[in-house]
Structure formats: C-alpha cells, structure tokens
Amino acid sequence: MRRSGAVDDRSTTALGGVRALGSGGRERRWKRPESVLVVVHTADGRVLLLQRADDPRFWQSVTGSLEEGETPAAAAWRELFEETGFDLEPIELGLRSRFEIRGPWRARYAPEVSHNVEHAFAVRLERTRDATLDPDEHLSSRWLSVPDALALASSRTDRTAIRRAAVPGGEERS
C-alpha cells in the first residue's frame, strides 16, 4: 500500500539507521531517528489523541518513525492508516522539530543517536469517527476539545502541531 513519492534517495546510514550485529550474530536494524506526527481533527474543533500501550500515561497524536527509503509524506499516510484505519492523505503543516529521545525508547536507536527529527502533518475530518487501534501500540483513543487535547497531549511538539492544525490562526507556542 505504498503511495507515490515513497522512496527517498538519502542513505539510511546518513539518517542514523545504522546496522549492527545483535545478539547471536544477527544483524540488528536501529530505528531511523526521523518521524512523523499526524494531528487528526474535525471541522468542529475535536482532536483525536491515542493512549500508548507501552506508557499508558502518554497521550499523543498519530506518530511513527520513517522506514528505510520512505519520505515523510508516505510515512504520515502509512502511520495514519496503521494506527487508526483512516485511509486519508495528510497535509504537511510546515513544522519540523528536533527533540531528545525519551529514555525508555532510546534503546531502539543506534548508541550514538540521542535526538529525533519530527515532521508534522494534519488530517481534517468533517466529524469524529471510530479509530481502529492496534492493541500492541495503543490502549484507547479519545476525541477531545482543543483545550482538553492541549492539556492531555504529552509532548511539546504535539501541542505545537495541534495548535497549528486545529486552532484557527493557530501559531507555534509551547
């Protein structure tokens, strides 16, 4: 289900997707320290947040890492589909953030990698709809007002993207 424009000619190694031998001499592929965030919101000001399975206190918009050779736009579509079941084309918000990778997730990346680059996208729906969640990734979902979503979203970059996508005239603020 790959969309057009999905191939990126930058090398994986240059982006931190380093390969190394893991236990048992098998090749281990580190996560690429580049990701997408997709704000799903409605015309009447509701925002979808997902509760992470690996940290139930962490609520977020749709997120995920780029795969080898994948563009941010292709990753945004793939992650939106995988995490919600919504087959929609996200639009780029023009936000790109760099942040330190949280301790619990640092082991997924090459040892020298400490930061991630995140590209923000959005999808606007006419009304709320049920998301189809993968229970290995998310425990639940909530449609919230913008103020409630801003209060519950666990990351600064998510709050900035929610403001940009779902607030008329929304500006970058932390």
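The numbers here are math on the coordinates, done by the rules we state, and not lab data. If you're wondering where the values come from, they're calculated on a predicted model, not measured in any experiment. Glycine gets a Cβ as well: all are built from the backbone with ideal geometry, and neighbour counts include every protein chain shown.
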**Request:** Could you tell me, in Å, what Rg and Dmax come out for the Cα atoms of the range 13-166?
**Result:** 15.6, 54
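Can you order the peptides 142-153, 33-44 by their average number of other Cβ atoms within 10 Å per residue, highest first?
Working: 142-153: 16.8, 33-44: 21.8.
Descending packing order for the listed peptides: 33-44, 142-153.
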**Asked** Using the per-residue mean of other Cβ atoms lying within 10 Å as a proxy for protection, in what order, highest first, do the peptides 128-140, 71-83 fall?
**Response** 71-83, 128-140
**Item:** Inter-part distance where the range 119-136 and the range 55-111 are each reduced to a Cα centre, Å
**Value:** 13
**Request:** Can you tell me how much longer the chain between D134 and E82 gets when fully stretched, taken as 0.36 nm per residue apart minus their C-alpha distance, in nm with one decimal?
**Result:** 17.9 nm
**Item:** Sites R98 and R124, calculated FRET efficiency, Cβ-Cβ separation with R0 30 Å, nearest 0.05
**Value:** 0.70
**Prompt:** What does the charge add up to near H138, with Lys and Arg as +1, Asp and Glu as -1, over the other residues with Cβ less than 9 Å from its Cβ?
**Reply:** -3
